[in-house]
1. Work out how far the C-alpha atoms of the stretch 57-106 reach from end to end along every principal axis, then list the three figures in whole Å, largest first.
2. Of all accessible surface on the chain at a 1.4 Å probe, what whole percent is carbon and sulfur?
3. May I have the extent of the alpha carbons of the chain along their three principal axes, as whole Å values ordered from largest to smallest?
4. For TRP50 and LYS90, compute 0.36 nm times the residue count separating them, minus their Cα-Cα distance, and round to one decimal in nm.
5. Can you list residues from other chains, or at least 5 along the same chain, whose modelled amide H is less than 5 Å from the amide H of LEU91?
6. Using the Cα centre as the reference, give the magnitude of the dipole from point charges on the C-beta atoms of the chain (Lys, Arg: +1; Asp, Glu: -1; all else neutral), rounded to the nearest 20 debye.
7. Starting from 0.36 nm per residue, how many nanometres of slack lie between ARG131 and LEU18 once their C-alpha separation is accounted for?
8. Compute from the Cα atoms of the stretch 22-93 the Rg and the Dmax, the latter being the longest Cα-Cα distance, and quote both in angstrom.
Amino acid sequence: MSTATVLTVIYAGLWLLLSNNQGWGFGVVFIALAVLCALSAGLSLPRVAWRFLPGFLAFFGGRMVLGGIDVARRTLGRRTDVKPGWVQHKLSTSSDSARLLLSAICGLLPGTLAARIDGDIMQVHTLDTRRDWQSDLTSLESYLARLFPVSKEAS
């Protein structure tokens with residue numbers, strides 16, 4: 001599938017969700033402009049190993065639910081059960097796409113938020129440094145590394 005086709009489908013899906021499936025006459029113009037802007041900026045889509053998408057979605061969906069439960073428990077609890085702090089996570093993947101997505105969605109895991117990546121180290125703020133935040137990040141990174149393999153040309 002071409003980049004233009006994929007971008008059109010993604011932008012149309014976003015329009016569908018954000019507009020409540022209304023205003024398509026207006027939306028088609030903006031979808032076309034968004035695709036043209038992306039293509040003129042030289043945007044290229046990363047290589048995706050689609051066979052790993054279901055496993056990633058199952059893992060990530062489950063961790064998001066646990067994150068929501070954790071936030072609710074901490075919010076509704078009588079005493080504050082936190083020991084916040086900054087921690088470092090050593091990145092094992094060299095896939096730029098996997099690293100970018102890891103830093104973007106890390107905040108949806110229970111009690112973590114990525115701040116920046118310096119080389120192979122991702123700075124992470126966690127609500128509870130006593131919790132096993134490392135295994136969540138390592139598992140998420142592993143799923144993303146399989147989903148976005150490093151291309152042979154980049155090696």
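The values are calculated or read from the model by the stated rules, or taken from the named source; none is laboratory data. Please read all numbers here as calculations on a predicted model, not as lab measurements. Cβ placement follows ideal geometry from the backbone for every residue including glycine, while neighbour counts extend to all protein chains displayed. The protein model used for the area step is the full one, side chains on, heavy atoms only, and it has no ligands, DNA or RNA in it. Shrake-Rupley method; radii C 1.70, N 1.55, O 1.52, S 1.80 Å.
1. 43, 27, 13
2. So the carbon and sulfur contribution to the accessible surface is 64 percent.
3. On the principal axes, the chain reaches 53, 43, 27 Å in Cα extent.
4. 11.8 nm
5. So LEU91 has HN proximity to ILE121, MET122.
6. I would put it at about 400 debye.
7. Taking ARG131 through LEU18 to full extension adds about 37.1 nm, to one decimal.
8. 20.7, 54
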